[in-house]
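Contents: one structure, followed by commentary.
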Amino acid sequence: MNHHSATVSHAREILNARFGFSDFRPGQEAVISSLLAGRSAAAIFPTGSGKSLCYQLPALLLPGLTLVVSPLIALMKDQIDVLQARGIAAARLDSSLDEETYRRVMDDLREQRLKLLYVAPERLGNERFLALVAGMRISLLAVDEAHCISAWGHNFRPDYLKLSQAAKDLAVERVLALTATATPAVVKDMAEAFAIASDDVVNTGFYRPNLELRVSPCVDEQRPQMLLERLQARPPGPTIVYVTLQRQAEECAAHLRRSGLSAQAYHAGMAAEERVAVQNAFMSGSLPIICATIAFGMGVDKADIRYVYHYHLAKGFESYQQEIGRAGRDGKSSICELFACADDCTILENFVYGDTPDAKALAGLVNEVLAEDTCDCAIYELSRRYDLRSLVVNTLLTHLELDGWILNEGFYYSDIRFALHQDPEAIIAQYPQRQQGYLQQLFAASSCKKKWWTLNLPQLEASSGHGRAVAMRALEHLQQQRQGELHMAGYRLRLRRTRQPDDLSALADQLSARFLQHEQREIERLHGMLAYAQDSGCRTQHLLAYFGESIPPCGHCDRCREPDIPAPPMPARRSHSIQDIDLAAFPALAACHPQALAQPRQQARFLCGISSPATSGRNGPRGHPLFASCAQVPFAQVLDWCSQQHLPMPEHPA
């Protein structure tokens, strides 16, 4: 028996002893054996089919640390609870930790007591974290939701584009990319980014024979009654009803409760403890029906969900596939029904258009970033100044970096303070002579007020000849030795211009075109859902073809079960006209809020109910009755109306 097969047989022993499973699920063994052989791999498995085991199990067999990148705090928390209950040393670093827990995790990491550490993708751009893990042995980097790396994906996140470089910088030994929704183009992007050989891409296919897909075309007014009839006619079982807006989740749950059913809403606008209580009640079975926005479901591992209703149209096949994938994980028959109403396109399209940056704002931001050789900025300040969501600002900066205009030198803290638990001389005396001199320079470059010392970093760099990283290591060491306490604030980003464009406005136009192209792709995704709803052929076949998988007709969707009954036609799309809405008060409102409502696109976003940093700030106009007054009007029509109003438009700051 060669060394490698012995390792896989060892993995089988651990599978049983530590995880309690008698055998691997499809695809798991192939992924794990690639990793144990020292190669990077990709796992493309449907939702709920055991992707996380593909890194949790190797983490116990590989010598160093397994770093897991996930954008979902809830998922991290749930997985860590389960791992710790099994006696596996796992922890997470995220913004929700209190200072004491954060410090304990950092100590465990330093002392190499952890096998798995979960972090959000942006953590790999954090100087304090990178200084800590630099030089550590990272045997495996597991990238969850890896489709976020692809601009072709439905959920592109700029932080993900930097992960492949971070993996090289940290000398990661192997990478595992995981996703439940990837088209062939997205798989190609993932494999290229992490240098994964095609033989190590394990795709188990997306077909789930126990899911019965159904589509019921309707108009908006029919939905409440349709949902009630379905819930009353079918055997009871755990049920998720997906809606688009937070308000709709509340309305839908209230309607079901009035009809005598036990239902609760779940959405990101609820208080955290309320959300947790609803989720726990649903997981335990005491709450049978949850009416939720897509904020619910990521990482929710409930095997016996019998029904998933899409009360509104999903925004694309990727989302739809992921959401229906939460049904029937126990292998038993489950129904996934879509109430297909073409009117939904208006709100869903408006959200897509709302994320496209205003051309003037984009040009202003590009000018600011490229005006000098270096640019020190805070993302939230840029976000507020140009009224663009942070994600849009990050995406724009990532495009500039990948196109070679700027070098991102990483995030740093502009305000470095520390408190000492002993007298400075007493601390210095405990170190070897070589380090004493540096500590003297560090304290000399710091001023003390009451308890806290503030470090003047440029002064220390000039006096010591050492850079920022050495100062950070010294201060971290003082904290580690319990000789001091470190506090950092003013999270900023340093960008260095690497070349000067000949024509800044041409560059801004080029970037603007890229955002418009992304907008067009998202709209096409949405229209793909409409085409699916109107197709008279096999539903499962249509859905899987999008992911590059071909199957014969499934035999268990509504079209296969009732081939002789013609599919009911989809009612034509209806939308309100802007002429029907009283906007007489809008010019005065826009004049009162020049920062939030200056440009036509800003005005259209506001009227369509899409929040932005300037509208939702402390004195922003979001609370005004006109906010979302045009939510049922197509964005293009609202934008056109705003463009024709010629309201006073102050320039964006240069």
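The values are calculated or read from the model by the stated rules, or taken from the named source; none is laboratory data. All of these numbers come straight from a predicted model, not from anything done at the bench. Note that each Cβ is placed from the backbone with ideal geometry, even for glycine, and that neighbours are counted across all protein chains shown.
Just a few scattered comments:
- Residue tally, condition within 14 Å of Ala314 (Cα to Cα) and among the hydroxyl-bearing types (Ser, Thr, Tyr), over the range 276-298: 1
- The set of residues from the range 138-162 being within 20 Å of Ser33 (Cα to Cα) and assigned to a loop (DSSP other than H, G, I, E, B) comprises just one member, Asp144.
- Number of the condition not met by Ser512 [criteria: (1) in a helix (DSSP H, G or I); (2) under 16 Å from Val215 (Cα atoms); (3) of a type in the set (Ser, Thr, Tyr)]: (2)
- The range 189-205, residues that are touching a Gly at 6+ places or on another chain (Cβ under 8 Å) and in a loop (DSSP other than H, G, I, E, B): Thr204
- Annotation: Val369 fulfils all but one of (1) part of a strand (DSSP E or B); (2) within 20 Å of Asp159 (Cα to Cα); the unmet one is (1).
- When Val105 is tested against (1) surrounded by fewer than 22 Cβ atoms within 10 Å (Cβ to Cβ); (2) among the β-branched types (Val, Ile, Thr); (3) in contact (Cβ under 8 Å) with a residue 40 or more places away in the chain, just one condition goes unmet, and that condition is (3).
- The range 39-115 holds helices (runs of 4 or more DSSP H) entirely within its bounds, and those carrying 1 or more residues that are farther than 28 Å from Thr204 by Cα, touching a helix residue (DSSP H, G or I) at 6+ places or on another chain (Cβ under 9 Å) and of a type in the set (Asp, Glu) map to 99-110.
- The single condition among (1) under 24 Å from Gly135 (Cα atoms); (2) outside any strand (DSSP E or B); (3) touching a helix residue (DSSP H, G or I) at 6+ places or on another chain (Cβ under 6 Å) that Arg482 does not meet is (3).
- Consider the range 543-582 and keep the residues that are free of Cβ contacts under 8 Å to residues at least 24 places away in the same chain and among the aliphatic types (A, V, I, L, M). The one that is nearest to Cys608 (Cα to Cα) is Ala545.
- Conditions (1) under 35 Å from the mean Cα position of the chain (by Cα); (2) modelled with pLDDT of 90 or more: number failed by Gln422: (1)
- Selection from the range 15-29 of residues that are of a type in the set (A, V, I, L, M, F, W, C), surrounded by fewer than 17 Cβ atoms within 10 Å (Cβ to Cβ) and part of a helix (DSSP H, G or I): Ala17
- When restricted to residues that are in contact (Cβ under 8 Å) with a residue 24 or more places away in the chain, surrounded by 19 or more Cβ atoms within 10 Å (Cβ to Cβ), small (Gly, Ala, Ser) and over 12 Å from Leu597 (Cα atoms), the range 609-630 contains 2.
- Every residue from the range 528-564 that is touching a Pro at 6+ places or on another chain (Cβ under 6 Å) and more than 17 Å from Leu211 (Cα to Cα): Gly548
- Apart from one condition, Thr179 fits all of (1) more than 18 Å from Asp144 (Cα to Cα); (2) polar (S, T, N, Q); (3) in contact with a helix residue (DSSP H, G or I) (Cβ under 7 Å, 6 or more places away or on another chain); the exception is (1).
- One residue stands out among those in the range 310-331 that are among the small types (Gly, Ala, Ser) and crowded, with 21+ Cβ neighbours inside 10 Å: the one that is modelled with the lowest pLDDT, which is Gly325.
- Answer from Ala249, Ala253, Ala268, Ala281 - the residue that is out of contact with any helix residue (DSSP H, G or I) (no Cβ under 6 Å at 6 or more places or on another chain), in a loop (DSSP other than H, G, I, E, B), touching a residue at least 12 places away in the same chain (Cβ under 8 Å) and hydrophobic (A, V, I, L, M, F, W, C): Ala268
- Exactly one residue out of Arg496, Arg525 is touching a strand residue (DSSP E or B) at 6+ places or on another chain (Cβ under 8 Å) and either closer than 26 Å to Lys360 by Cα or in a helix (DSSP H, G or I) (or both), and it is Arg496.
- From the list Asp98, Asp78, the lone residue that is modelled with pLDDT under 90, more than 26 Å from Glu323 (Cβ to Cβ) and not basic (Lys, Arg) is Asp98.
- Hits in the range 284-308 (condition: outside any loop (DSSP other than H, G, I, E, B) and of a type in the set (A, V, I, L, M, F, W, C)): Ile289, Ile290, Cys291, Ala292, Val308
- Filter result for Arg234 (loosely packed, with under 14 Cβ neighbours inside 10 Å, of a type in the set (Lys, Arg) and either farther than 19 Å from Phe282 by Cα or not assigned by TED's automatic domain parsing to the domain that holds Gln165 (or both)): yes
- The lone exception for Ser334 - which of (1) of a type outside the set (Asp, Glu); (2) in contact with a Gly (Cβ under 8 Å, 6 or more places away or on another chain); (3) surrounded by fewer than 22 Cβ atoms within 10 Å (Cβ to Cβ) it fails: (3)
- Val633 at pLDDT 90 or above, surrounded by 13 or more Cβ atoms within 10 Å (Cβ to Cβ) and part of a helix (DSSP H, G or I): no
- Residues in the range 163-170 include at least one that is assigned to a helix (DSSP H, G or I), polar (S, T, N, Q) and more than 30 Å from Arg257 (Cβ to Cβ).
- Members of the range 542-600 found to be within 30 Å of Gly617 (Cβ to Cβ), of a type in the set (A, V, I, L, M, F, W, C) and surrounded by 13 or more Cβ atoms within 10 Å (Cβ to Cβ), listed by number: Ile578, Ile581, Leu583, Phe586, Leu589, Ala590, Ala596, Leu597, Ala598
- Where a residue in the range 360-377 is over 15 Å from Asn408 (Cα atoms) and its partner, wherever it lies, is of a type in the set (A, V, I, L, M) and in a strand (DSSP E or B), with Cβ under 8 Å and at least six apart: none
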